[in-house]
Amino acid sequence: MTGDSFSTWDGIEFTVLSRPAASADPLVMEFSLPAGCGSPPPHVHDSLTETYEVLEGTLEMLDGDEWRALESGQSFAIEPGMRHSFRNDSGATVMARNTHEPHGDFEPFIRSYAALSNEMQSAEPRSPKRAIQGARLWEDYPQMGRVTDQPMRALFPVLAAIGKLLRIAPPNPA
């Protein structure tokens, strides 16, 4: 159902605005990002385009190796293969519309991430088990892309393999 909302431990709230009817259709969500909230590791998507439209506040986007500030009313399209991330260091809440096209199972991925962050009571893993769960999450959703920075790029496959051996999985989304 559209209008569904869920949140991470550090207060990021995700609201589904439009769910895809078919696999090639976009998923449109609204993000409410409190100041200082967690950020995804720099990553690339192999086959989807992600767009951020800032509705309120200032959102910083990583574009390759450079951070750029986007103000209310500005948009930023992330093409397949583009290294990116985001952060909110503005001191105020940022509202942004996010579109994944095609959706690439972004909603179950981000719901699992939210469940993991709530279990950890943190935006970052603070134990080997939680690091393994995070690596398994990225492995379980390969269409979401891959992290780009060392040592995570080398470490994630190792942690995911350990997780499989020990049967440690990320939490199921609620």
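Miscellaneous remarks
- In a reduced charge model with +1 at each Lys and Arg Cβ and -1 at each Asp and Glu Cβ, the range 6-76 shows a dipole moment near 220 debye about its Cα centre.
- Ranked by how many other beta carbons lie within 10 Å on average, peptides 133-143, 69-79 from highest: 133-143, 69-79
- Descending principal axes extents, the range 128-174, alpha-carbon based, whole Å: 28, 21, 14
- The shape of the range 5-104 comes out oblate: with a ≥ b ≥ c from the C-alpha gyration tensor, a/c is at least 1.5 while a/b does not beat b/c.
- Cα long-axis angle, helix 152-166 against the chain (0 to 90 degrees, to the nearest 10): 50 degrees
- Look at the dipole of the chain built from charges on Cβ: of GLY38, ALA96, LEU62, the Cα furthest out on the positive end belongs to GLY38.
- Just so you know, the averaged projected area of the alpha carbon convex hull for the chain sits at 9.4 nm².
We did not get these values from a lab; they are worked out from the coordinates using the rules stated. Just so we're clear, the structure is a prediction, and the values are computed from it rather than from any experiment. Positions of Cβ are generated from backbone atoms using ideal geometry, with glycine treated the same way; all protein chains shown enter the neighbour counts.
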